[in-house]
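Comments concern the structure below.
The values are calculated or read from the model by the stated rules, or taken from the named source; none is laboratory data. A quick note: this is a predicted structure, and the numbers were derived from the prediction, not measured. Glycine gets a Cβ as well: all are built from the backbone with ideal geometry, and neighbour counts include every protein chain shown. The area values use the complete protein model at the heavy-atom level, side chains included, leaving out ligands, DNA and RNA. Shrake-Rupley method; radii C 1.70, N 1.55, O 1.52, S 1.80 Å.
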There are 2 protein chains.
Amino acid sequence: MKRVPLKQKVLKENDRIAAELRARFREQGTLALNLMSSPGSGKTSLLEQTLSHMPKDMRAAVLTGDIATENDAERLRRVGSATQITTGGSCHLDAKMVERGLENQGGGPLDILFIENVGNLVCPAGFDLGEYAKVVILSVTEGDDKPLKYPTMFVRADVMILNKIDLLPHVPCDADKVIENAHRIHPGLDVIRTSCLTGQGIDEWIAWLQGRLREVRSRQAR
Amino acid sequence: MKRVPLKQKVLKENDRIAAELRARFREQGTLALNLMSSPGSGKTSLLEQTLSHMPKDMRAAVLTGDIATENDAERLRRVGSATQITTGGSCHLDAKMVERGLENQGGGPLDILFIENVGNLVCPAGFDLGEYAKVVILSVTEGDDKPLKYPTMFVRADVMILNKIDLLPHVPCDADKVIENAHRIHPGLDVIRTSCLTGQGIDEWIAWLQGRLREVRSRQAR
């Protein structure tokens, strides 16, 4: 929707609410993450694995965004706390939806808030949700050229989860080439290779989360 | 971008150009198809297979939309006629881009024009491109719940290509369940199962195209 002049106004209002959310997360020492990917790259599966493998003393919850259905929240509630945000047609989450989702969620301050965006590798990258970091999940089935074809998402991401690596023997995708292309768009981008079917890489991802949580805590203390 | 009031105006202008394109395609007896899917579901691979297996007397060409890169047109030019439309950030093709793409393409009237949309299972469904039919491609790696989670795309589609069926033994996806979910959203939706790696289902897809082309020709004669 590049050519709609009112977009600037919408984005300004979004940025105001996102700034409030960011201040709240910082004050409470919450690591807030915005998880984005194409439909079916494995956001919900990654969160199922993450909630199952999280250290027991860590308070975590998920806000999960979808255009329709409560399926993802239902899946995630089997392993942890999850609240559905149904966007009613919108192709991305915005900060207002996250604010309302937090109200619906209730509960006390969190160590980690995972915000699972609508499955869309384009539009969600344009909306600040007050998160500390953006996580892009890319499945090896999507092909090794995707960072070049959807550059904004990969420029803005803080980490790329290269998921479904168990399928590498069966698909025409070179994992090193995906990472090389991601680094052409975003030099130094953190990369973690995972399989949510086999559990490979989940420990590394949890360690990444713990590192970011330590950063958030040290900023909170200042 | 549901909440931007100017969207109505943009859509009205889009519909005006789409109606002109539709009239032109009808007059020339061209079957115009709008191919939509998530990133990496196999739109370009399907078109590579299609152009390679098309009857020799059929004049076909592709307009291929991407946010960035000319990669897809370069791939497709090895097997047929292809023109890249680079959207410069926009998450979907609109009728104006197709009109300009046709100007850049040149050449005479076509039997089939394939319009490969930007990889996005949400926004492209909202923009009429003057096509005769909408084609949604869904890969089995995306999971069997996708028709329920992205209903607009499946309501508006005229056929669903269920692609990458060669991967079914390796992914937690039930093809019958995908089709059942698609039919819950859109009863009677045509479905073709394909693998662009093995070539399975391509003959059925070509036969579907020939059936639609006969419809277009019979309307042209009226």
Determine whether the stretch A:128-140 contains at least one residue that is open to solvent by 20 Å² or more (accessible area, probe 1.4 Å) and acidic (Asp, Glu). yes
Can you name every residue in the stretch B:82-95 that is on the phi > 0 side of the Ramachandran plot and buried (at least 18 other Cβ atoms within 10 Å of the Cβ)? none
Yes or no: the stretch B:33-48 includes at least one residue that is under 22 Å from residue B:157 (Cα atoms), more than 13 Å from chain A (Cβ to nearest Cβ) and open to solvent by 10 Å² or more (accessible area, probe 1.4 Å). no
Every residue in the stretch B:69-81 that is crowded, with 16+ Cβ neighbours inside 10 Å and either within 11 Å of chain A (Cβ to nearest Cβ) or of a type in the set (A, V, I, L, M, F, W, C) (or both), please. B:71, B:72, B:73, B:75, B:76, B:79
Kindly list, by first and then second residue, each pair from a residue in the stretch A:84-100 that is under 18 Å from residue B:126 (Cβ atoms) and modelled with pLDDT of 95 or more to a residue that is assigned to a helix (DSSP H, G or I) and open to solvent by 30 Å² or more (accessible area, probe 1.4 Å), limited to pairs with Cβ atoms under 6 Å and residues at least 6 apart or on different chains. none
If you check residue A:104 against the conditions, is it farther than 18 Å from residue A:41 by Cβ, in contact with a strand residue (DSSP E or B) (Cβ under 8 Å, 6 or more places away or on another chain) and of a type outside the set (A, V, I, L, M)? yes
Of (1) more than 14 Å from every other protein chain (Cβ to nearest Cβ); (2) within 26 Å of residue B:76 (Cα to Cα); (3) surrounded by fewer than 18 Cβ atoms within 10 Å (Cβ to Cβ); (4) not aromatic (Phe, Trp, Tyr), residue B:197 satisfies all except one. Which? (1)
Those residues of the stretch A:17-35 which are part of a helix (DSSP H, G or I) and of a type in the set (S, T, N, Q), in sequence order: A:28
Residue B:209 being within 14 Å of chain A (Cβ to nearest Cβ) and either more than 22 Å from residue A:37 (Cβ to Cβ) or touching a Lys or Arg at 6+ places or on another chain (Cβ under 6 Å) (or both): no
Could you list, in sequence order, the residues of the stretch B:162-215 that are among the small types (Gly, Ala, Ser) and under 19 Å from residue B:41 (Cβ atoms)? B:175, B:182, B:195, B:199, B:201
Restricting the search to the stretch A:181-194, which residues are open to solvent by 10 Å² or more (accessible area, probe 1.4 Å) and not in a loop (DSSP other than H, G, I, E, B)? A:183, A:184, A:185, A:190, A:191, A:193
Filter the stretch B:148-169 down to the residues that are farther than 24 Å from residue B:25 by Cα and at the interface with chain A (Cβ under 10 Å from one of its Cβ atoms) and list them by number. B:148, B:149, B:150, B:151, B:152, B:164, B:166, B:167, B:169
Here are some residues: A:206, A:115. Which one is touching an Asp or Glu at 6+ places or on another chain (Cβ under 7 Å), open to solvent by less than 50 Å² (accessible area, probe 1.4 Å), farther than 22 Å from residue B:138 by Cβ and of a type in the set (Val, Ile, Thr)? A:115
Given (1) at pLDDT below 95; (2) touching a helix residue (DSSP H, G or I) at 6+ places or on another chain (Cβ under 9 Å), residue B:106 misses just (2)
Would a scan of the stretch A:51-66 turn up a residue that is touching a Pro at 6+ places or on another chain (Cβ under 9 Å), closer than 29 Å to residue B:41 by Cβ and within 14 Å of chain B (Cβ to nearest Cβ)? yes
Any chance residue A:124 is within 11 Å of chain B (Cβ to nearest Cβ) and surrounded by fewer than 22 Cβ atoms within 10 Å (Cβ to Cβ): no
Only one of B:9, B:56 is at pLDDT below 95, more than 25 Å from residue B:150 (Cβ to Cβ) and not in a loop (DSSP other than H, G, I, E, B), namely B:9
Based on what the data block shows, is residue B:172 surrounded by fewer than 22 Cβ atoms within 10 Å (Cβ to Cβ), within 13 Å of another protein chain (Cβ to nearest Cβ), over 18 Å from the mean Cα position of the chain (by Cα) and not in a helix (DSSP H, G or I)? yes
Which residue out of B:178, B:216 is in contact (Cβ under 8 Å) with a residue 40 or more places away in the chain and either within 14 Å of chain A (Cβ to nearest Cβ) or in a loop (DSSP other than H, G, I, E, B) (or both)? B:178
